[in-house]
Amino acid sequence: MPETLAHVEIPKRALFKAAEVCDLVKVQPYVLRSWEAEFPELGVTKSAGAPRIYRRADVEQVLRIKHLLLVEGLTLAGARRKLEEVSAPVAADEPAMDELIGQNARERLTAVKMGLRSILDLLSGNGAGDDFQLEASHRGKAQKKSAGKNGTSRAPHARRK
């Protein structure tokens, strides 16, 4: 992070009022409002009459904007373009994506989906799995006693006829 931003310590809170942001960043409220107009993603939109609220990420963004404008000498439009470049997702490399998810990911996902549907059909009794039946586990009443803290127990076992 640039040296001018390193010395600003943002309190460990999730939300800030506009006046607090102005104090932290050392800008006047009209400056912050003008930056809101240029960077609409700044701040949490509130209903009419409610105070403007900023997230921690917004405060960090305001610090970046201030640095771009005052230290690097960019215009508001230039700062906006620079921030868009930084936050824009990198174009996905086709070979790299294939390597990450595998070349036959769609086929594998389709097979998983079909498997899940067949399990659903089996459990609902609608499928071709008529040779299966659901029955309570062999533990019977002991299973109810050993139910988890949240009151759940294991699912019944499926068995072929």
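The table below lists the values:
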{"item": "Odd one out for residue 103 among (1) modelled with pLDDT of 65 or more; (2) surrounded by 10 or more Cβ atoms within 10 Å (Cβ to Cβ); (3) over 30 Å from residue 11 (Cβ atoms)", "result": "(1)"}
{"item": "Residue 70 part of a loop (DSSP other than H, G, I, E, B), at pLDDT 80 or above, of a type outside the set (Phe, Trp, Tyr) and assigned by TED's automatic domain parsing to the domain that holds residue 13", "result": "no"}
{"item": "Residue identified as loosely packed, with under 10 Cβ neighbours inside 10 Å and either at pLDDT below 80 or under 26 Å from the mean Cα position of the chain (by Cα) (or both) among 131, 58", "result": "131"}
{"item": "Meets criteria (surrounded by fewer than 12 Cβ atoms within 10 Å (Cβ to Cβ) and in contact with a strand residue (DSSP E or B) (Cβ under 7 Å, 6 or more places away or on another chain)) for residue 51", "result": "yes"}
{"item": "Counted residues, the stretch 1-36 - those being at pLDDT 85 or above and part of a helix (DSSP H, G or I)", "result": "16"}
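The values are calculated or read from the model by the stated rules, or taken from the named source; none is laboratory data. Computed from a predicted structure; not experimentally measured. Cβ atoms come from the backbone with ideal geometry, glycine included; neighbour counts cover every protein chain shown.
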